[in-house]
Amino acid sequence: MARNREKEDVESRFNPPVSISMADSSISLLKLISILIIFVVGVVIGLVSSSHIDRYFTFQGDEFNFKNTYFDTEQFSHDGQKMVVNCDGEDCLSMESFVRLRNLNHRLRDDELFWRASFVPQKEELPFRRVPRVAFMFLTRGPLPMLPLWERFFSGQDVEKYSIYVHALPGFDLEVSNSSVFYRRQIPIAACRMGSVSLVDAEKRLLANALLDFSNERFVLLSESCIPVHDFPTVYKYLIESIHSFVDSYDDPTRYGRGRYSRRMKPDIKLADWRKGSQWFEMHRALAVKIVADTKYYTLFKKYCKPSCYPDEHYIPTYIRKFHGALNANRSITYVDWSQMGPHPATFTAGNITEGFLESLRNNGTRCSYNSGKTSICYLFARKFDPSALEPLLNITAQVMGF
């Protein structure tokens, strides 16, 4: 009996009960699963932490690069209150770059340009010194044969009172010396064709570029054959003090006026709204912004006023008549001779240039409306002048026109 009991004790040590063995196995499995879970969670936490660290250092690197790109960190004051910006880029946000575009050779598309040019500040107080300017905008096919005369017109005048913009055909570069007031005043251009809406595009492109300078108050459209018939002080005073714009806009009952109207423009533009006028306008800043910002009526002209319609003779006169007639003197300040009754105005050559002829342009005996009264000065400019007229003009302008 004693041997049998001893034998059972030995067997029990080496052969434990089945239930105890299964319990131990379950505990081991749970430990293994727990270890695996902890490992997986640790890996996930490690990956997430690594990602945040990378992003943190990337952000810090970007911030560092931003400071180095736009600021000279050595120019921060020790008290941290004053910061001097050292910006060489054209897109640096500064008051000077916002109120006046330094480089006309920008990369803005027309839609981007017109959008930016349509900005109108709502705050009356100005954070910069503003001298009202007259923007002289030249729409030309190529060279400016009257450029020496214009150089003389601007010579010695306050450069804060005028600005110059030139729109030519693609491929043409206006080559002048760096001392010329026309130096680097050519704007980005696109092809334009006589009788098409592309001429309106060119006009709006000139207006938009000039509007980027917040000091420009008046906007004159000129051709390569235009000349000034008064000196700069007279022109400047006349335009800056005017309460109206000078856009030709009249009802022409002939086939050259109403005959160009398309009924497909209804109901937005009716025949009663349709107007005609000279392409060579002058306008106030408020009106220029309206023209550049317009899309609806421009689109109608682009769609229905085809080449025989001549959009450049109808779009602006019609738009102003329909919406802003009270802002317009309804006359042109650029003299043109249509007495020959042809499709084009008379061209003045060297033989036409006399003191009497120029005096007749300066004061033609009529009186024109100006603000709330009348004036004997009806025209500030005249066209069309042949290149041969340049030399005799230069010889007598000092005596007649004072420049």
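Is it true that some residue in segment 225-241 is touching a helix residue (DSSP H, G or I) at 6+ places or on another chain (Cβ under 6 Å), buried (at least 21 other Cβ atoms within 10 Å of the Cβ) and closer than 28 Å to D110 by Cβ? The answer is no; no qualifying residue exists. Specify the residue that is farthest from V220 (Cα to Cα); the eligible residues are those in segment 362-393 that are under 33 Å from the mean Cα position of the chain (by Cα), crowded, with 20+ Cβ neighbours inside 10 Å and aliphatic (A, V, I, L, M). Among residues in segment 362-393 that are under 33 Å from the mean Cα position of the chain (by Cα), crowded, with 20+ Cβ neighbours inside 10 Å and aliphatic (A, V, I, L, M), the one farthest from V220 (Cα to Cα) is A382. Screening segment 354-372 for residues that are under 20 Å from S245 (Cβ atoms) and not in a loop (DSSP other than H, G, I, E, B) and picking the one that is modelled with the highest pLDDT gives Y370.
Would you confirm whether or not segment 205-213 contains a residue that is of a type in the set (D, E) and out of contact with any strand residue (DSSP E or B) (no Cβ under 8 Å at 6 or more places or on another chain)? Within segment 205-213, none of the residues are of a type in the set (D, E) and out of contact with any strand residue (DSSP E or B) (no Cβ under 8 Å at 6 or more places or on another chain).
Might you let me know whether segment 354-361 holds any residue that is under 36 Å from the mean Cα position of the chain (by Cα) and free of Cβ contacts under 8 Å to residues at least 24 places away in the same chain? Within segment 354-361 (the criterion being under 36 Å from the mean Cα position of the chain (by Cα) and free of Cβ contacts under 8 Å to residues at least 24 places away in the same chain), the answer is no, since none of the residues qualifies. Filtering segment 108-118 for residues that are in contact with a strand residue (DSSP E or B) (Cβ under 9 Å, 6 or more places away or on another chain), over 26 Å from I353 (Cβ atoms) and not in a helix (DSSP H, G or I) leaves an empty set. Restricting attention to segment 243-255 and to residues that are touching a strand residue (DSSP E or B) at 6+ places or on another chain (Cβ under 7 Å) and of a type outside the set (A, V, I, L, M), the residue that is farthest from F281 (Cα to Cα) turns out to be D252.
Selection within segment 121-144: residues that are closer than 23 Å to C226 by Cα and of a type in the set (D, E, K, R). The member of this set that is modelled with the highest pLDDT is R133. Residue selection: F403 fails the criterion of being without any contact (Cβ under 8 Å) to a residue 40 or more places away in the chain, among the hydrophobic types (A, V, I, L, M, F, W, C) and out of contact with any strand residue (DSSP E or B) (no Cβ under 6 Å at 6 or more places or on another chain). On the stretch given as segment 190-225, residues that are of a type in the set (A, V, I, L, M), assigned to a helix (DSSP H, G or I) and within 15 Å of L169 (Cα to Cα) total 4. Here E224 meets each of (1) closer than 16 Å to A329 by Cα; (2) touching a residue at least 40 places away in the same chain (Cβ under 8 Å) with one exception, condition (1).
So which residues in segment 362-400 are among the charged types (D, E, K, R) and either free of Cβ contacts under 8 Å to residues at least 12 places away in the same chain or touching a helix residue (DSSP H, G or I) at 6+ places or on another chain (Cβ under 8 Å) (or both), if there are any at all? Of everything in segment 362-400, those that are among the charged types (D, E, K, R) and either free of Cβ contacts under 8 Å to residues at least 12 places away in the same chain or touching a helix residue (DSSP H, G or I) at 6+ places or on another chain (Cβ under 8 Å) (or both) turn out to be R362, R367, K374, D386, E391. Scanning segment 190-204 for residues that are of a type outside the set (K, R) and surrounded by fewer than 18 Cβ atoms within 10 Å (Cβ to Cβ) yields a total of 5. Checking segment 127-143 against the condition returns a match, with at least one residue being surrounded by 14 or more Cβ atoms within 10 Å (Cβ to Cβ), out of contact with any helix residue (DSSP H, G or I) (no Cβ under 8 Å at 6 or more places or on another chain) and assigned to a loop (DSSP other than H, G, I, E, B).
The values are calculated or read from the model by the stated rules, or taken from the named source; none is laboratory data. Predicted, not measured: the structure shown is a model, and the values here were computed from it. Virtual Cβ from ideal backbone geometry, glycine too; neighbours counted across all protein chains shown.
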